[in-house]
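Some notes on the structure that comes next.
The values are calculated or read from the model by the stated rules, or taken from the named source; none is laboratory data. Please read all numbers here as calculations on a predicted model, not as lab measurements. For neighbour counting, all protein chains shown are included, and Cβ atoms are generated from backbone atoms with ideal geometry for every residue, glycine included.
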Amino acid sequence: MLLVLFLWIFIFFSFSVLGISLVKLIIKIPGLKGTDDNLKLDEYFFIGFLALSLVTGILSIFIPIGDRVLIIISIIVLLLLVINFREIVLNLKESGKAVSGLEKPNLILLVFFILFVLMAVVQNITWLDTQAYHVQNIQWIKKYPVVPGLGNLHDRFAFNSMFFVISALFTFHIKDILVFPLNGICYVVLIARLFVLYKKESDKGIAWKAVFYILMLLISLLIMIPNINTPSPDIICAVLTIYIFVLIFKNMGNKFQLNYPRFILLNLLVFSCISFKLSSLFLVSALLFFLNMDFTKRSLIIIVSFILIISSFIIRNYYLSGYLIYPFPAIDIFNVDWKIPMANVIETKSVIEAWARIPVTPYPEVLAMKFPEWVLPWFTQMSFFSKLIVAVNFFSVFTLIIMVLRKDYFLAKVQLIILINLIFWFVEAPDPRFSYGCLFIGFSLTFSYLVKISGSVAFLREMKYLKIILACFLLVIIGRRIMAPVGTLKDPSLWIHPSSFRTVETKDYFTNFHYRIPVNNEECFNTDIPCVTYPLNNVYLRGKELNEGFRVLNVK
């Protein structure tokens, strides 16, 4: 735990320094200084994180994102610390006051949440996707610039989540220990923000908003904690999506728009989330909230943000797969020798869609099913809590109608944005993990709105009863996820460092290059690249070195 905690502190400090320094530059641009440019430390953190994600995404086209880049960035952070020392210390003090201002029981509860996540992070990584291709993908990014046709080795390499690029920068390998700290520290920052907002609304006696914030914290803790120690894009997109709506709710009832640094942060959140996971595509609708004032200037910010973030994503797509967006075979405009064969792209897309509906059934059978035939098996195979979250989100259609009838137009707009994203998710690939963020927000907003419209009921006005209900929910979560902290407490070695992440025994295979396949039908884990799980009968190097890429020959 101590190693992960040290890495968290290092990352939090680096992102915060970068964010503070960047905002200091932004407000010097003519016309971008607002009436309130004093951001919170968590906002600076996410600005630094997403700006660095943008930079590493561009750099990954030309150079490996490995230890040398990390050293250079660390030196830049130290220089910026010296230059902006006063502002950084001031922000740290203000954030310290906000946390220390919590009552002792609340402070203990917040520390408990953070320790709970920390004890989960050091556990053994069990997520199959991480064992199969996340780690392998990160190895390629750390060792080489973008490799043409890498998706021909393994179709998942062509998915091109830009989160793997920034994760490569902050993946730490010590002997047999592999640490992926980004999802954990980003989630901890989100937890702290949600908890402070919950306490703020609770003190004001605004029960429904307090419920909204704390439910997002609790339900995300319940669902995401097993995979928080992985570089999964599902986790980071859930965190960013929730944070987007935290920013939106910050504007609720405020006649002023978000100031420009916060609006830029919102753009970074939206477009980065899309580049991390394409299922987040319709989050772009959230930007419509803030175009009422300074339409031209804000539209320009949106266009520039889109070009900067999405351009590197598209370029990497082009090199990894030969397609503009993978795996969408309908957009087929390039003709390069490393291009993944169309039949493979169609099969990959079909497998994803079918697996998201009914995982254990062959994909041709699933795709041949009509809607009434697959929707019930899809729902019944989910866990109890996934069923609950999805069912409540379906019910949110009725709360949207109630919001409109009661003229709660702000909340109706939020609910509509969530529903648009969930419809896209349901039509394309309705695996809950592909849209955690929107599902959590829809769940929390629906319940909290029921509290809002039931405000005349006496027991709901009493915060003490509300706190008892939430405490019971917390106990359910602890009972459900107790094995993570218990496992950590039982193993003293985990107090120092995380559980090891293994390599596997492999056999050597050759076409015109050497590659490995694990024995005993295992995944590749952290085995040296190139490693795949099946023989490559018609995949060849385009040149003499691995960084020159791969192509498929003898395609009919």
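Taking residue 238 as the residue in question, decide whether it is touching a residue at least 60 places away in the same chain (Cβ under 8 Å) and surrounded by fewer than 24 Cβ atoms within 10 Å (Cβ to Cβ). Taking the combined requirement at face value, the residue does not satisfy it. Of everything listed in (1) touching a Lys or Arg at 6+ places or on another chain (Cβ under 8 Å); (2) within 22 Å of residue 345 (Cα to Cα), the single unmet condition for residue 536 is (1).
Could you please let me know if residue 312 is touching a Phe, Trp or Tyr at 6+ places or on another chain (Cβ under 7 Å) and polar (S, T, N, Q)?
For residue 312, the condition - touching a Phe, Trp or Tyr at 6+ places or on another chain (Cβ under 7 Å) and polar (S, T, N, Q) - is not met.
For first residues located in the stretch 157-177 and more than 19 Å from residue 54 (Cα to Cα) and among the charged types (D, E, K, R), partners that are modelled with pLDDT of 90 or more and buried (at least 16 other Cβ atoms within 10 Å of the Cβ) and lie 6+ apart or on another chain with Cβ distances below 9 Å form the pairs 176/526. For the stretch 363-384, indicate whether the set of residues that are touching a residue at least 40 places away in the same chain (Cβ under 8 Å) and at positive phi is non-empty. No - not one qualifying residue is present in the stretch 363-384. For the stretch 306-322, filtering for residues that are touching a helix residue (DSSP H, G or I) at 6+ places or on another chain (Cβ under 6 Å) and within 14 Å of residue 551 (Cα to Cα) leaves 2. When restricted to residues that are part of a loop (DSSP other than H, G, I, E, B), in contact (Cβ under 8 Å) with a residue 40 or more places away in the chain and either β-branched (Val, Ile, Thr) or surrounded by fewer than 17 Cβ atoms within 10 Å (Cβ to Cβ) (or both), the stretch 486-502 contains 4. Could you give every pair whose Cβ atoms fall below 9 Å, whose first residue belongs to the stretch 214-235 and is free of Cβ contacts under 8 Å to residues at least 12 places away in the same chain and within 12 Å of residue 180 (Cα to Cα), and whose second residue is aliphatic (A, V, I, L, M) and buried (at least 24 other Cβ atoms within 10 Å of the Cβ), counting only separations of at least 6 or pairs across chains? Here the result reads none, with nothing in the stretch 214-235 linked to a residue that is aliphatic (A, V, I, L, M) and buried (at least 24 other Cβ atoms within 10 Å of the Cβ).
Table: residues versus (1) farther than 30 Å from residue 216 by Cβ; (2) modelled with pLDDT under 90.
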| site | (1), (2) |
| --- | --- |
| 347 | yes, no |
| 360 | yes, yes |
| 370 | yes, no |
| 391 | no, no |
| 416 | no, no |
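Here is a yes/no grid of residues against (1) of a type in the set (A, V, I, L, M); (2) within 20 Å of the chain's Cα centre (by Cα):
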{"position": "3", "(1), (2)": "yes, no"}
{"position": "16", "(1), (2)": "no, yes"}
{"position": "22", "(1), (2)": "yes, no"}
{"position": "41", "(1), (2)": "yes, yes"}
{"position": "46", "(1), (2)": "no, yes"}
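Annotation for the stretch 78-88: at least one member residue is touching a Lys or Arg at 6+ places or on another chain (Cβ under 9 Å), at pLDDT below 90 and either assigned by TED's automatic domain parsing to the domain that holds residue 526 or under 22 Å from residue 192 (Cα atoms) (or both). From the list 405, 439, 411, the lone residue that is more than 22 Å from residue 223 (Cβ to Cβ), buried (at least 18 other Cβ atoms within 10 Å of the Cβ), modelled with pLDDT of 90 or more and not aromatic (Phe, Trp, Tyr) is 411.
Within the stretch 131-165, the set of residues being among the hydroxyl-bearing types (Ser, Thr, Tyr) and modelled with pLDDT under 95 comprises 133, 161. Take the residues in the stretch 174-195 that are closer than 15 Å to residue 4 by Cβ and aliphatic (A, V, I, L, M), then tell me which one is nearest to the chain's Cα centre (by Cα). Looking at the filtered set, the residue picked out is 182.
So which of 214, 223 is of a type outside the set (Asp, Glu), part of a helix (DSSP H, G or I) and under 17 Å from the mean Cα position of the chain (by Cα)?
When all the criteria are applied, what remains is 223.
Tally up the residues in the stretch 201-220 that are under 17 Å from residue 241 (Cβ atoms) and of a type outside the set (A, V, I, L, M), please.
Result for the stretch 201-220: 3.
Look through the stretch 530-552, keep the residues that are aliphatic (A, V, I, L, M) and over 16 Å from residue 505 (Cβ atoms), and return whichever of them is modelled with the lowest pLDDT. Per the criteria, the residue is 536. Of (1) charged (D, E, K, R); (2) modelled with pLDDT under 90; (3) part of a loop (DSSP other than H, G, I, E, B), residue 298 satisfies all except one. Which? Exception for residue 298: condition (3). From 449, 515, 509, grab the single residue that is part of a helix (DSSP H, G or I), surrounded by 13 or more Cβ atoms within 10 Å (Cβ to Cβ) and at pLDDT 90 or above. Checking each option against the conditions leaves just 449.
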